[in-house]
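Sharing a structure, written as structure tokens. Questions coming.
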Amino acid sequence: MNTSDATKDGIRGQRPGREAITGAAGVVGEEQRRQRGNGRRRGEPTRVPEAEFRSYYGKPVLNQIVWAAPDIGGYLFLGGLAGASSVLAAGAELTGRPGLARPLKYTALGAISGSTVALVHDLGRPERFVNMLRVFKPTSPMSVGSWILLAYGPMAGAAAVASATGWFPRVGRLATLGAGAVGPLVATYTAPLFCDTAVPAWHDGYRYMPFVFASSAASAAGGMGLVTAPPGQSGPARRAAVGGALVETAVSTVMERRMGLSGEPYRTGRAGALMRAAKALTLAGAAGAVLGRRSRVASAVSGAALLAGSACTRLGVFYAGRQSAADPRYTVVPQRRRLAEREAAEEERGDAAAVPRARKAEE
Amino acid sequence: MSPESSGNGQPARVGFFTDTSVCIGCKACEVACKEWNTVPEDGLDFTSMSFDNSGGLSADTWRHVAFIEQREPLGHQDPGVGRPGTVDLGMPSFELPGAGTGADGRGEFRWLMSSDVCKHCTSAACLDVCPTGALFRTEFDTVVVQEDICNGCGYCVPACPYGVIDLREDDGRAWKCTLCYDRIGDGLEPACAKACPTDSIQFGDLDELRERAERRVTALQEAGVSSARLYGEDPGDGVDGAGAFFLLLDEPEAYGLPPDPVVTTRDLPSMWRHAGVAAAALLVGAVATFAGRR
């Protein structure tokens, strides 16, 4: 509500936004903007906050992401877990480690089922889920993902059922290998799905996000292997868990640093807390997996920590997106900088290019 | 507008030119849009910051009138409307107009009003990412949601760089401006343009509108309104030109518009490549874990 009082002496207690200096673009901040534009490279950390960034009463430019955190966070985590579990299960099958292959096949089926249920549950019209299969659109990662799930789900299911019942062992083996081949796509397609949006914290990380998701999936599947497989057969799971955990921590740290302002949401608020928890859990899990390799209990606890860390990573990425969509600064400031850089580049190109701009420069 | 004007039987591309310099903030466009398209009521709220009471574009607000009250202590700025030499009445106060002293008392301020709408981008991210094909491009080169197809996945919402399309809460599906697809097919202009009393909202063939806008911005600048600029008219911009573009009197972000929007799918090929490399790395890494004895 409006809290200011109009008195005879003027307005009292007015909102600061009313007094914002919002003059012509040609007067306000143009010089500062120029200075900022020069010599600024993408990804350089922002040391000076942009004081004169402007917005419409601080309202966000983007509409807020409508996805629910448990649904879509769970969909990402479970999809990654399923995909990487299938890869490890296929390897375990080929190298004669049934004690590792079997639980991972069950994991893959359970996780991909949960992932699909979460996705359908998140729809505004869940009964129309099948409309996802009306078209195949390479421009829509969600369409591509639906088709990947359609190819992968039955194979993961056949692999798990054949393993549980002992029926059709050949079909089961083929399905295991097929699911293992498609698994990496299941674990990574969700990165383009998130990045192919206007949300700065997601879009600007598109070079790193697939690697974060793939390694996080490997760490989760390895963790699941540590929880479920007998110590004699869990060697590959342990190595996948430790390798995935180290790569995930390294790549997500690099991503947050290199994204400049768009990386800021990963360090603040709920997203920051989740990302820090993810790193702590993941590194602790990796350390436990190495140090406690002789103990079944220590291995299982480490595996659980890795699973929790992977879930925290996905939720952290999700909330970073929400935070960056909610604040117009993350939308406006990088775009302004891009415009300033473009103008500076045009100026360097010489007078010929500057002539059409002359009118604009008068502003 | 003549439906067959491009000569090949295909109707010419149509759009909006919203000239905010003559917008009086009457909100007739908001009302006409709601009435014609039977868009549900979405809260009769007072936003407390201005006369804006719809806040922004959403599933239930397809035209949104932005109100910006600006003090201009920098001085000597044309309010951007009307004949030169008008008497500035200033902010409402108890004193006689012009009786006060200092920047506040002189009433150096202006109101900017702008009717925002879906931009109907040439390269539309919402359409690109829609997994069901519910969003499609019409014969008029506008972007429309088919409500009988949309399953409410919500992907279009964060894809839109302008924050236009949104899910309707009690309905679950995505909604936005259709540029009155049902009206323009019958040779009528969209409801908002029809209702606009000052022709701030102009509907027509996009090429013709661009020429008209160019003439208008030149005229304004020659008249001394140095801050007049076009927004979204350039086919070389990040969305390859908007079907609905604007004449603004301030920077786009002051109106809640992104200053340099880029369609996100422009980077999608690179995203797929990165994801492919990551998937291959995952496979190779997994193979490597089986290299050991145990």
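The values are calculated or read from the model by the stated rules, or taken from the named source; none is laboratory data. This one's a predicted model, so the numbers in the text were calculated from it and none came from an experiment. Cβ: placed from backbone, ideal geometry, glycine included. Neighbour counts: every protein chain shown.
Kindly indicate which of A:Ala273, A:Ala304 is touching a residue at least 60 places away in the same chain (Cβ under 8 Å) and either of a type in the set (Val, Ile, Thr) or surrounded by fewer than 18 Cβ atoms within 10 Å (Cβ to Cβ) (or both).
A:Ala304
Yes/no per residue for (1) surrounded by 19 or more Cβ atoms within 10 Å (Cβ to Cβ); (2) aliphatic (A, V, I, L, M):
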{"site": "B:Glu211", "(1), (2)": "no, no"}
{"site": "B:Arg215", "(1), (2)": "no, no"}
{"site": "B:Glu222", "(1), (2)": "no, no"}
{"site": "B:Asp234", "(1), (2)": "no, no"}
{"site": "B:Val239", "(1), (2)": "yes, yes"}
{"site": "B:Ala244", "(1), (2)": "yes, yes"}
{"site": "B:Leu249", "(1), (2)": "yes, yes"}
{"site": "B:Gly256", "(1), (2)": "yes, no"}
{"site": "B:Pro261", "(1), (2)": "yes, no"}
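Shifting gears a bit: Step by step: first the residues of region A:203-222, then only those that are in a loop (DSSP other than H, G, I, E, B) and at the interface with chain B (Cβ under 7 Å from one of its Cβ atoms), then the one that is surrounded by the fewest Cβ atoms within 10 Å (Cβ to Cβ). Which residue is that?
Of everything passing the filter in region A:203-222, A:Arg207 is surrounded by the fewest Cβ atoms within 10 Å (Cβ to Cβ).
Any idea how many residues of region B:166-177 are more than 7 Å from chain A (Cβ to nearest Cβ) and either among the aliphatic types (A, V, I, L, M) or in contact with a strand residue (DSSP E or B) (Cβ under 9 Å, 6 or more places away or on another chain) (or both)?
Matching residues across region B:166-177 total 5.
Evaluate the following for A:Ser85: is it touching a helix residue (DSSP H, G or I) at 6+ places or on another chain (Cβ under 6 Å), crowded, with 20+ Cβ neighbours inside 10 Å, small (Gly, Ala, Ser) and at the interface with another protein chain (Cβ under 8 Å from one of its Cβ atoms)?
no
Considering every residue within region B:258-267, establish whether at least one is part of a helix (DSSP H, G or I) and not hydroxyl-bearing (Ser, Thr, Tyr).
yes
Please pick out the residue among B:Arg273, B:Arg266 that is touching a residue at least 12 places away in the same chain (Cβ under 8 Å), more than 7 Å from chain A (Cβ to nearest Cβ) and under 30 Å from A:Tyr206 (Cβ atoms).
One residue alone meets the criteria, B:Arg266.
Hey, among A:Ala191, A:Ala159, which residue is in contact with an Asp or Glu (Cβ under 9 Å, 6 or more places away or on another chain) and either part of a helix (DSSP H, G or I) or charged (D, E, K, R) (or both)?
Exactly one of A:Ala191, A:Ala159 is in contact with an Asp or Glu (Cβ under 9 Å, 6 or more places away or on another chain) and either part of a helix (DSSP H, G or I) or charged (D, E, K, R) (or both), namely A:Ala159.
Here is a list of conditions, (1) within 8 Å of chain B (Cβ to nearest Cβ); (2) farther than 14 Å from A:Val242 by Cα, and A:Phe194 meets all of them except one; can you say which number that is?
(1)
Please work out which one of (1) under 25 Å from the mean Cα position of the chain (by Cα); (2) crowded, with 24+ Cβ neighbours inside 10 Å is the condition A:Ala229 fails and give its number.
(1) is the only condition that A:Ala229 fails.
Counting only residues that are more than 7 Å from every other protein chain (Cβ to nearest Cβ) and either basic (Lys, Arg) or closer than 26 Å to B:Val157 by Cα (or both), how many does region A:174-191 have?
Going through region A:174-191 one residue at a time, the tally reaches 2.
Report the residue count in region A:162-213 for those that are in contact with a Leu (Cβ under 7 Å, 6 or more places away or on another chain) and without any contact (Cβ under 8 Å) to a residue 40 or more places away in the chain.
Total meeting the criteria: 0.
Here's another thing I want to ask about it. Please go through (1) surrounded by 21 or more Cβ atoms within 10 Å (Cβ to Cβ); (2) within 7 Å of chain B (Cβ to nearest Cβ) for A:Arg134 and return the number of the only condition it doesn't satisfy.
Evaluating A:Arg134 over (1) surrounded by 21 or more Cβ atoms within 10 Å (Cβ to Cβ); (2) within 7 Å of chain B (Cβ to nearest Cβ) leaves (1) as the failure.
Working only within region B:42-58, note down all residues that are within 20 Å of B:Val157 (Cα to Cα) and either touching a His at 6+ places or on another chain (Cβ under 6 Å) or away from chain A (no Cβ under 11 Å) (or both).
B:Asp42, B:Ser54, B:Gly56, B:Leu57
Let me ask something else. Taking the condition of being touching a Ser or Thr at 6+ places or on another chain (Cβ under 9 Å), of a type in the set (Gly, Ala, Ser) and modelled with pLDDT under 95, how many residues in region B:189-223 meet it?
Adding up the residues that qualify gives 0.
Would you pick out the residues in region B:131-150 that are at the interface with chain A (Cβ under 7 Å from one of its Cβ atoms) and surrounded by fewer than 24 Cβ atoms within 10 Å (Cβ to Cβ)?
B:Gly133, B:Ile149
Continuing with the same structure: Looking at B:Gly285 and the list (1) under 30 Å from A:Ser86 (Cα atoms); (2) among the small types (Gly, Ala, Ser); (3) in a loop (DSSP other than H, G, I, E, B), which single condition is not satisfied?
Condition (3) is where B:Gly285 drops out.
Taking into account only those residues within region A:94-126 that are closer than 24 Å to B:Cys156 by Cα and assigned to a loop (DSSP other than H, G, I, E, B), which is nearest to the chain's Cα centre (by Cα)?
A:Leu123
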